[in-house]
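Quick one: the structure is below, and I'll ask about it shortly.
Derivation of every value follows stated rules applied to the coordinates shown; laboratory data play no part. All of these numbers come straight from a predicted model, not from anything done at the bench. Here Cβ is always computed from backbone atoms with ideal geometry, including for glycine, and neighbour counts include all displayed protein chains.
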Protein chains: 2
Amino acid sequence: MRAQNLTLLTDLYELTMMQGYFKNPTDQIVVFDAFYRKNPCGGAYAISVGLEQVIEYVRDLHFSPDDIDYLRSLHLFEDDFLEYLRGFHFTGDIYAIPEGTVVFPREPIIKVIAPVMEAQLLETAILNMINHQSLIATKASRVVYAARGDGIMEFGLRRAQGPDAGIYGARAAMIGGCIGTSNVLTGQMFNVPVSGTHAHSWIMSFPDEYTAFKTYAHLYPNACILLVDTYDVLKSGIPNAIRVFKEMRDAGMNLTGYGIRIDSGDLAYLSKKAYEMLEAAGFGDAIISASSDLDEYLIDSLKVQGAKINSWGVGTNLITSGDWPAFGGVYKMAAIRNKGDSEFIPKIKLSENTEKVTNPGNKTIYRIYDRKSGKIRADLICLADEVFDESKDMILFDPISTWKKTKLKGGTYTLRELLVPVFLRGGCVYNSPSVMEIREICTKEKATLWDESRRLVNPQEVYVDLSDRLYQMKTKLLEDMSRKAMRHE
Amino acid sequence: MRAQNLTLLTDLYELTMMQGYFKNPTDQIVVFDAFYRKNPCGGAYAISVGLEQVIEYVRDLHFSPDDIDYLRSLHLFEDDFLEYLRGFHFTGDIYAIPEGTVVFPREPIIKVIAPVMEAQLLETAILNMINHQSLIATKASRVVYAARGDGIMEFGLRRAQGPDAGIYGARAAMIGGCIGTSNVLTGQMFNVPVSGTHAHSWIMSFPDEYTAFKTYAHLYPNACILLVDTYDVLKSGIPNAIRVFKEMRDAGMNLTGYGIRIDSGDLAYLSKKAYEMLEAAGFGDAIISASSDLDEYLIDSLKVQGAKINSWGVGTNLITSGDWPAFGGVYKMAAIRNKGDSEFIPKIKLSENTEKVTNPGNKTIYRIYDRKSGKIRADLICLADEVFDESKDMILFDPISTWKKTKLKGGTYTLRELLVPVFLRGGCVYNSPSVMEIREICTKEKATLWDESRRLVNPQEVYVDLSDRLYQMKTKLLEDMSRKAMRHE
């Protein structure tokens with residue numbers, strides 16, 4: 001049935017490599033960085049989400065007797081290695097950027113420092129969880145931005161890529177700024193608001209639309225949103241809804257949280273006409289909610305068209321991030337230290353594509369804020385032991401076009417280290433905030449972006465620079481490799 | 001932690017509607033159809049997958065004390081309804097098209113006949129599971145088609161939309177025709193082949209590439225696929241791989257299942273050069289495997305370019321169905337019967353868009369095969385009690401352009417009813433085949449499609465027609481509704 005132990009949620013090669021390290025023992029402690037290269041949906045930022053699930057996964061890592069039996073059946077693994085797995089648990093350190101934080105390409109969102117076998121095993125599950133939830137939170141943030149203050153409901157469970165995609169996708173969508181989800185299980189697991197009213201089938205199971213509406217209104221007088229497009233929005237749905245609202249008003253009921261939902265057709269036209277009819281009947285304050293294959297671009301367009309919609313249900317395109325369904329995060333080795341040594345040896349992965357060359361070394365990230373406005377000036381990736389002084393001038397340079405320089409005057413900026421310890425020596429030292437708390441954090445985080453970096457189309461990229469020391473280290477490694485390669489030719 | 005009971009994996013409105021039906025009791029038995037409207041990725045077919053998970057879900061449906069407490073905390077549900085939920089289990093009938101079957105738009109893949117409260121609750125989870133797995137199986141089938149007989153490995157777990165998307169996505173990809181997956185948990189749960197070798201990090205953790213290769217070859221001499229693009233494919237990776245293969249050969253080892261993997265760069269050029277170098281060294285039979293953001297179009301193009309690749313690892317674009325990430329299946333009420341009555345009253349959902357008008361009534365589907373070739377002539381959606389005689393002539397007509405008619409001569413075609421009973425009176429009457437058995441079924445199913453309907457771009461649609469009786473019923477319902485609407489104007 002449903003898997004409870006996720007230890008085998010990994011690519012086989014993590015295990016074959018682990019056995020390789022086991023059979024060729026070293027005392028190597030390695031640094032792996034999980035980071036992404038391209039902002040989703042053509043935006044200029046992403047939101048880091050999924051850490052709570054990574055923590056649960058790492059805490060629970062263990063190979064059950066069934067897991068060992070299964071691995072033995074593959075005829076790839078030897079008894080001594082399987083015996084080692086039987087006692088396996090994570091003993092390393094993990095640093096991470098807290099959930100809800102705005103992040104940018106090439107920044108380590110999670111950094112694992114551990115014996116190579118342990119660090120290697122974690123790769124697949126960490127990427128799976130961070131990639132999924134960061135993607136959906138980022139998409140949600142875009143959709144919320146397009147709605148200009150209107151509430152966005154997450155409605156996509158039925159179109160999600162499996163149960164977890166619905167459950168954790170709704171979690172991520174809440175963090176990204178949605179005001180509620182239709183997903184009851186997510187509501188139960190993460191204590192977030194759930195909502196929903198009725199479907200077309202409700203209407204169809206009654207002899208007529210009016211009776212269906214009236215029955216619903218009696219049941220849920222304080223959350224009476226009537227779906228008006230089963231037969232004909234303007235000829236049938238709205239007139240019947242108005243008739244029911246009038247009866248409620250005439251009965252002396254206090255109409256709150258009432259209104260209509262339109263789920264098909266030309267939402268701009270229908271919402272304007274619906275508003276006119278409702279307003280003329282004295283129901284100008286009714287909620288007019290819309291759903292129907294919406295995304296950030298359609299919502300933006302409907303806003304521009306003056307659609308009279310003040311509540312939005314977004315399904316498929318949010319829960320799958322329809323136009324950009326993968327975050328593309330990777331997990332790359334950055335440094336190695338032999339046990340006993342104090343220094344890490346930086347490691348680099350080459351690529352034809354300059355942007356794909358990894359950043360070597362044991363690193364951290366400082367976010368540089370404008371002291372006055374609190375907005376982000378730039379992020380600085382540096383080595384973990386570097387120290388900066390906010391009172392001093394700082395010179396930033398573009399890591400590709402290095403002649404592009406910016407000088408920050410001492411006292412005009414503040415620094416914040418983004419990576420915080422999550423596991424130390426295998427023990428968890430971090431308490432995840434609740435989802436609604438992370439949502440609050442995320443709202444504040446988004447406010448640290450300049451408007452130019454939030455817009456939907458062609459936004460201004462945020463600078464992610466390298467410290468001088470890291471840049472020099474990277475350049476030297478690249479030159480060494482190039483020299484080695486030339487000798488081979 | 002990880003949810004085990006999926007009963008609350010539902011949209012809130014299913015529960016608010018359920019309470020509505022509970023408070024306004026009827027003895028209605030309803031028919032709901034789960035179907036989709038548009039073939040994924042511009043293709044001409046889909047593969048129906050996910051039924052085994054639906055069966056597990058329905059069997060396990062129960063509201064735990066925690067679930068009841070949670071629902072009570074929402075202040076939406078009354079005690080008598082919550083008490084009813086406490087004893088809830090499914091008592092109805094479910095019919096389905098077996099997993100691995102080729103299906104077409106508007107065909108009920110799953111049909112639920114049950115008391116309205118029960119049928120309503122199932123909607124969200126059924127759609128979630130069928131939508132996800134049918135999507136990925138269909139995508140896999142396209143990728144496999146493009147590879148023209150080469151094996152496709154599913155490699156996407158790290159980019160899947162959460163753990164389940166990886167687990168069940170790999171299950172679906174196997175059914176769609178992949179020969180293996182990197183996902184160990186899917187291997188364990190569904191007894192399907194897993195495979196994988198090593199990552200760039202393996203190479204980087206050794207002093208040099210040659211040592212890394214040699215160490216790996218000693219460990220896995222019978223599955224020695226070396227990743228050659230960590231530093232430079234042609235200058236370093238291939239020469240080092242050849243050196244190791246030579247050493248293995250010189251040591252008298254029997255080289256089987258050995259070769260290289262290229263994970264970046266121009267795969268056409270690199271694979272041809274790699275083949276030349278391997279062949280010149282006497283390793284012309286080496287596996288040349290490729291991965292790197294592949295999809296069906298890239299594989300097709302590489303085939304056309306004569307790339308010397310004979311094994312393919314496909315990740316992100318398969319596991320997320322990158323260019324078409326949602327199947328779009330819906331669940332619509334089709335008929336109602338009052339308990340005691342024998343006849344169903346057909347129900348229809350209107351839409352501005354003719355194709356979106358639902359098919360009313362308690363229906364089934366017959367697949368019409370060409371007797372000689374075994375290929376599909378057309379599918380016929382009809383009422384559940386209709387009977388056809390293969391020895392008689394049959395006239396088919398397009399349900400929108402009704403003047404388009406085809407006459408099938410008696411004796412030249414065979415019929416097969418696609419929907420089979422899965423639950424009867426709440427009891428499961430169906431045994432799911434194993435995943436590898438379903439994969440076999442699917443291979444045979446794909447062979448029933450004409451080549452014209454399998455091609456990747458602009459394929460020929462397969463006809464899905466309505467029986468005369470169903471067509472007449474639908475037309476009459478539409479005319480009745482139109483007459484009613486005109487009276488209101």
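Using θ = phi - 60° and the Karplus form 6.51 cos²θ - 1.76 cosθ + 1.60, what ³J(HN,Hα) does each residue of segment B:397-412 get, whole Hz, x for Gly and Pro?
So the Karplus estimates, Gly and Pro as x, are 9, 5, x, 9, 9, 5, 6, 7, 10, 9, 10, 9, 6, x, x, 9 Hz.
Let me ask something else about it. Among the GluC sites (Glu not before Pro) in segment A:311-357, which ones are in a DSSP loop with at most 10 other Cβ atoms within 10 Å of the Cβ? Mind listing them?
Filter output for segment A:311-357: A:Glu343.
Taking the alpha-carbon distance from B:Lys23 and a cut-off under 20 Å, which lysines remain once sequence neighbours fewer than 8 residues away in the same chain are dropped?
Within reach: A:Lys214, B:Lys339.
Calculate how steeply helix B:468-488 sits against the longest principal axis of the alpha-carbon atoms of chain B, using the helix alpha-carbon long axis, and give the answer as 0 to 90 degrees to the nearest 10.
Between helix and principal axis, roughly 60 degrees.
While we're on this one: Once a ≥ b ≥ c are taken as the square roots of the eigenvalues of the Cα gyration tensor of segment A:197-292, is the result rounded (a/c under 1.5), prolate (a/b larger than b/c) or oblate (a/b not larger than b/c)?
Cα axes put segment A:197-292 in the oblate bin.
Between Rg and the Kirkwood Rh of chain A, both from Cα atoms, what is the Rg to Rh ratio? Mind showing how you got there, number by number?
Values: Rg = 26.7 Å, Rh = 25.2 Å.
The Rg/Rh ratio comes out at 1.06.
Still on this model: Taking beta carbons within 10 Å but only from partner chains, what does the mean come to for residues A:254-266?
The shielding value for this peptide is 1.
List the aspartates and glutamates whose Cα sits under 16 Å from the Cα of A:Lys356, skipping any in the same chain fewer than 8 residues away.
The qualifying aspartates and glutamates are A:Asp33, A:Glu107, A:Asp398, A:Asp465, B:Asp229, B:Asp232, B:Asp263, B:Asp266, B:Asp293.
Please label the shape of segment B:1-116 as rounded, prolate or oblate, based on the square roots a ≥ b ≥ c of the eigenvalues of the alpha-carbon gyration tensor (a/c under 1.5 means rounded; beyond that, a/b larger than b/c means prolate, else oblate).
Because a/c hits 1.5 or more and a/b exceeds b/c, segment B:1-116 counts as prolate.
Mind running the shape call on the protein assembly as shown? Use the C-alpha gyration tensor, a ≥ b ≥ c as the square roots of the eigenvalues: rounded below 1.5 for a/c, prolate if a/b tops b/c, oblate otherwise.
Because a/c hits 1.5 or more and a/b fails to exceed b/c, the protein assembly as shown counts as oblate.
Another question about this same structure. Take the residue pairs A:Lys347/B:Lys235; A:Lys404/A:Lys474; A:Lys273/A:Lys446 and return only those whose Cα atoms are more than 29 Å apart.
Table pairs above 29 Å Cα-Cα are A:Lys273/A:Lys446.
Further question on the same structure: Let me have the 222 nm mean residue ellipticity of chain A computed from DSSP H runs of 4+ only, each contributing -39500 (n - 2.57), with the sum over all residues rounded to the nearest 500.
Per the formula, -11500 deg cm²/dmol.
Let me ask something else. When Cβ neighbours within 10 Å are restricted to other protein chains, what is their mean count per residue of peptide B:125-133?
That works out to 5 on average.
Using Cα positions and a limit of under 19 Å, work out the lysines in reach of B:Lys407, with same-chain residues fewer than 8 apart set aside.
B:Lys372, B:Lys375, B:Lys392
Label position 7 Å from Cα toward Cβ: report the copy-to-copy distances for B:Thr475 in nm, one decimal, ordered from shortest.
Spacings between copies for this position, smallest first, are 8.0 nm.
Using the alpha-carbon atoms, what tilt in degrees (0 to 90, nearest 10) does helix A:51-60 show relative to the longest principal axis of chain A?
For helix A:51-60, the angle is close to 60 degrees.
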